[in-house]
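The values are calculated or read from the model by the stated rules, or taken from the named source; none is laboratory data. These figures come from a predicted structure and were not determined experimentally. Neighbour counts are summed over all protein chains in view; Cβ atoms, including those assigned to glycine, are modelled from backbone coordinates with ideal geometry. SASA here: full protein model, heavy atoms, side chains in, ligands and nucleic acids out. Shrake-Rupley method; radii C 1.70, N 1.55, O 1.52, S 1.80 Å.
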Amino acid sequence: FRLTGTENVPRRGGALIVMNHIGFFDFTYVGHAAKPQGRYVRFMAKAEVFRHPLGGPLMRGMRHIPVDRAAGAGAFDVAVQALRDGEVVGVFPEATISSSYELKAFKSGAARMALEAGVPILPVVIWGSQRVWTKRQPKRLGRTRTPISVDIGTPIEASGSALELTNLVKDRMQTQLERVRAD
């Protein structure tokens, strides 16, 4: 693992991690990157994962937030309250795994959450997890020595409109992703 920018995770207070999504285990790697600051991340994930016989009890036990993609207002409210309560919440603004490994269009929900809760956004990019397990590719589980990089960018103050903030976050993440891939 190559973790950079871990010092950007605040030791206390709410913060919203906004990250790209290229593999099924992305949330575990990014959660690992928050640990040096002593923080746990509550990730928002599709509700179907919470109904899986193995994954469901784990997701509920770790207090992650289920998202009903047809009616997401409840999950939005839970996440905003967690942020106001000083927790770190993680969200995938692309809402699905990117099969091209490029950033897809971002939904504005992350920006709206940060604005409503009054917390900073931490732009995070991950690279390498697509080599472990992603859509339509064979799994490479176990100790494969697959290099995985997680880069946590400097916090972005939640201000302006949701559209402006979403575009700013995506632009920052695009720059981070290009740098991490080049490294």
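So, of the residues in segment 165-176 that are of a type outside the set (Val, Ile, Thr) and out of contact with any helix residue (DSSP H, G or I) (no Cβ under 8 Å at 6 or more places or on another chain), which turns out to be most open to solvent (accessible area, probe 1.4 Å)?
171
For residue 23, the conditions (1) in contact with a strand residue (DSSP E or B) (Cβ under 7 Å, 6 or more places away or on another chain); (2) in contact (Cβ under 8 Å) with a residue 60 or more places away in the chain; (3) surrounded by 15 or more Cβ atoms within 10 Å (Cβ to Cβ) all hold with the exception of (1).
Screening residue 43 with (1) of a type outside the set (A, V, I, L, M); (2) in a strand (DSSP E or B); (3) open to solvent by 60 Å² or more (accessible area, probe 1.4 Å) gives one miss only, at (3). When segment 95-113 is filtered for residues that are modelled with pLDDT of 95 or more and either out of contact with any Asp or Glu (no Cβ under 9 Å at 6 or more places or on another chain) or at positive phi (or both), the ones remaining, listed by number, are 102, 108, 109, 110, 112, 113.
For (1) touching a Leu at 6+ places or on another chain (Cβ under 7 Å); (2) without any contact (Cβ under 8 Å) to a residue 60 or more places away in the chain, each residue gets a yes or a no:
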{"site": "10", "(1), (2)": "no, no"}
{"site": "27", "(1), (2)": "no, no"}
{"site": "33", "(1), (2)": "yes, no"}
{"site": "54", "(1), (2)": "no, yes"}
{"site": "73", "(1), (2)": "no, yes"}
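Residues in segment 135-150 that are at pLDDT 90 or above and either part of a loop (DSSP other than H, G, I, E, B) or open to solvent by 10 Å² or more (accessible area, probe 1.4 Å) (or both): 147, 148, 149.
Screening 92, 76 for residues that are closer than 17 Å to residue 31 by Cβ and under 17 Å from the mean Cα position of the chain (by Cα) leaves exactly one candidate, 92.
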